[in-house]
Amino acid sequence: MDLTDTIELPPQPDAPQTVPVGAGLSIFDPVFLGIDEFGHPAYLPMIYRNILIGGEPGAGKSSLLNTIVGHAALCPDVRLCLLDGKQVELGLWKDAADVFVGPDMDHAIRTLRRVQTVMDNRYSFLLARRRRKIGPNDLFGQILVACDEIAYFSATAGDKKDQDLFAALLRDIVARGRAVGIIVAAATQRPSSDIIPPSLRDLFAWRFAGRCTNDVSSDIVLGHGWYARGFSSNSIDPNNQGEGYLIAEGGIPNRVKAAYMTDADIIRVADYATWTRRRSGLAAPADLRTAA
Amino acid sequence: MSKSSQRSPFGWSNRGGQVTVIEAPVARSYRRRAVIAFWVTLGVVGLLAAMVASEYLHPILGGLLGVVLGAVLGAVVFALIVAWPVLRVFWHWLPEIVFGLAVVYGWTTLMESTPLWGSLLIVALVVGVPAAIAPVRRRVMAWIWCLIVRHRLRLCFAAFIATNRHGSLPLILLARPTPAGERVWVWLRPGLSLRDLEQDDQVQKLAVACWANEVRVMRAGRKYAALIRIDITRREPLAHTVVSPLPDYVPRDVPANAPTSPGMPPVGLDLPDVPDVPVSAPTDTPRQRKPRNPTTPTASPNGFDPSDYA
């Protein structure tokens, strides 16, 4: 028997017809966000970055967040950590996620503490290896912390102490998580100082402002001074959901239209992601973790 | 050499019912510059020409020749600078002037070389075919808008954008059509900055003047602060739905209607199903203290909260 011979395996009657093959995406690939007003595709590199998504209800925030989560779900190197006070916006990804937090303040704080501990451990690991940040083929994958409607956790649910603790934990993760591959994507309607502490809001490098109810709200999302230069998402047509100003590479707001996935699309992508993830052993069933 | 008593054909004097083409302060400023340019040209060209001519002629003759050459060139420069405010208008309207000339002379040539029906047929083809084909028509209209926008911007700069001490306006460079409208590059002269265009709702005024929906100004690059870009939006190119490509990564045989868990029974989904529980006041609420330095909340009329920018 030499190397050219083929080995015939005994037939297995209960073997599945197909094997799960991942989508081959990586979080190091830029996320396709939509198109800009020149018709060019708008890509958003999410690795080592954080994004804050703002806009009035129905402006397309959750749609954009779903696009980012969907990309991450198809990346075998990303763990998903989803916080959604409204449950249904990110709920379709529940089975693909490692942690899914509904309207449960304690669970949210516990989850952020876990992420914070992971972050500290990773920094200790990097220090021991004399490195400063992680790379594409590292021992551990990246973690996407996606939070829809931050205001629920930081201003509505629980008492003041819990809200402050939540904001402090999230601020720490946004501030320090960058170099160890912990990515935060957060959405809220109006990130004014009574909803999100400005010290947290100003840490987000990238901003997306969907339609806002006035020019000041737009400036709060994008940063002070953009309205004076003519960049106000108040001018966006309220019926044109998903359009908004994006501040990404280049630092100048760019008018983009975010890509849209129907619920059926999301279910297909989420089920596929769940299937590939469970078989590859990366994502443990979220239900087991939440029950624990 | 013109003394101040002499009158220019471009009329900085309104003596004898002449029409003022150039306003008096502008004309004075240009005349002063022209005088300086004349003497500088006379000096430089005269010296150079005298040196070169002295190689071939007697030095005195060469020197005289140099002075004559310098005076002639200086006069040309003088005339150009004095007439520049008028020449500039010709330059600004050059595309329209060339187009008008082309139409007039083209029609005349066409009528001379072909019979009337042939001329009309050619004109109908030249005008009608681009007008009938939508992409060509849109492209031509976009170019026309570029021309219009340059004139409108120039008007704005002259009307309400702060100028520097010499009154020189921003230099309008290239204008390009974009799917949303036009994009114009502008070079700011010394004494101006991007802030001058940003302050006091200037962009809104620009949008009104350009007959546009909105106008945005920004730096054109990281290299020059003087080079700015003006985006004029008059159309909405983002109205269509953009379909996400993520489902394309999923094999076709993955169904979209995966079985859902039986989940929770439909209880408490309507208002009568939820009991009316009295609000329990928190017991450990600290007593409200009066702050020592009460700060009155300053509510601004438009919802501006200064602490948002703290």
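The values are calculated or read from the model by the stated rules, or taken from the named source; none is laboratory data. Keep in mind that what you see is a predicted model, and the values were worked out from it rather than measured. Positions of Cβ are generated from backbone atoms using ideal geometry, with glycine treated the same way; all protein chains shown enter the neighbour counts.
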Starting from segment B:169-184, take each residue that is within 26 Å of residue B:85 (Cα to Cα) and list its partners that are of a type outside the set (A, V, I, L, M) and assigned to a loop (DSSP other than H, G, I, E, B), counting only C-beta distances under 9 angstrom and pairs at least six apart or across chains.
B:169/B:163; B:169/B:189; B:170/B:163; B:170/B:189; B:171/B:189
Could you list, in sequence order, the residues of segment B:120-147 that are within 18 Å of residue B:93 (Cα to Cα) and touching a residue at least 24 places away in the same chain (Cβ under 8 Å)?
B:142, B:143, B:145, B:146, B:147
Of all residues in segment B:166-182, which are within 12 Å of chain A (Cβ to nearest Cβ), surrounded by fewer than 21 Cβ atoms within 10 Å (Cβ to Cβ) and part of a loop (DSSP other than H, G, I, E, B)?
B:178, B:179
Residue list for segment A:254-278, filter: at the interface with chain B (Cβ under 8 Å from one of its Cβ atoms) and over 27 Å from residue A:78 (Cα atoms)
A:255
Which residues, taken from segment B:206-218, are part of a helix (DSSP H, G or I), within 13 Å of the chain's Cα centre (by Cα) and either within 7 Å of chain A (Cβ to nearest Cβ) or over 15 Å from residue A:215 (Cβ atoms) (or both)?
B:206, B:209
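Quickly run through segment B:219-234 and pick out the residues that are surrounded by fewer than 20 Cβ atoms within 10 Å (Cβ to Cβ) and either outside any loop (DSSP other than H, G, I, E, B) or within 9 Å of chain A (Cβ to nearest Cβ) (or both). Break it down into steps so the answer makes sense when it comes.
Narrowing segment B:219-234 to residues surrounded by fewer than 20 Cβ atoms within 10 Å (Cβ to Cβ): B:219-227, B:229, B:234.
Once the filter is applied, which keeps residues that are surrounded by fewer than 20 Cβ atoms within 10 Å (Cβ to Cβ) and either outside any loop (DSSP other than H, G, I, E, B) or within 9 Å of chain A (Cβ to nearest Cβ) (or both), segment B:219-234 yields B:219, B:227, B:229.
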Kindly provide the set of residues from segment A:195-250 that are more than 8 Å from chain B (Cβ to nearest Cβ), touching a residue at least 40 places away in the same chain (Cβ under 8 Å), crowded, with 18+ Cβ neighbours inside 10 Å and among the hydroxyl-bearing types (Ser, Thr, Tyr), ordered by number.
A:233
Answer yes if at least one residue in segment B:183-192 is within 10 Å of another protein chain (Cβ to nearest Cβ), of a type in the set (D, E, K, R) and part of a loop (DSSP other than H, G, I, E, B), and no otherwise.
no
Of (1) in contact with a helix residue (DSSP H, G or I) (Cβ under 8 Å, 6 or more places away or on another chain); (2) at pLDDT 80 or above, residue B:257 fails just (2)
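If you take just the helices (runs of 4 or more DSSP H) that sit entirely in segment B:26-137, which of them hold at least 2 residues that are among the hydroxyl-bearing types (Ser, Thr, Tyr)? Let's see the steps before the verdict.
Details: elements: B:59-92, B:94-113, B:116-132.
Passing ranges, in order: B:94-113.
Could you tell me whether residue B:117 is closer than 21 Å to residue B:172 by Cα, loosely packed, with under 12 Cβ neighbours inside 10 Å and not small (Gly, Ala, Ser)?
Numbers: closer than 21 Å to residue B:172 by Cα: no; loosely packed, with under 12 Cβ neighbours inside 10 Å: yes; not small (Gly, Ala, Ser): yes.
When the stated conditions are applied, residue B:117 does not pass them.
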Please determine whether any residue of segment B:40-49 is exposed (fewer than 13 other Cβ atoms within 10 Å of the Cβ), among the hydrophobic types (A, V, I, L, M, F, W, C), over 24 Å from residue B:168 (Cα atoms) and over 26 Å from the mean Cα position of the chain (by Cα).
no
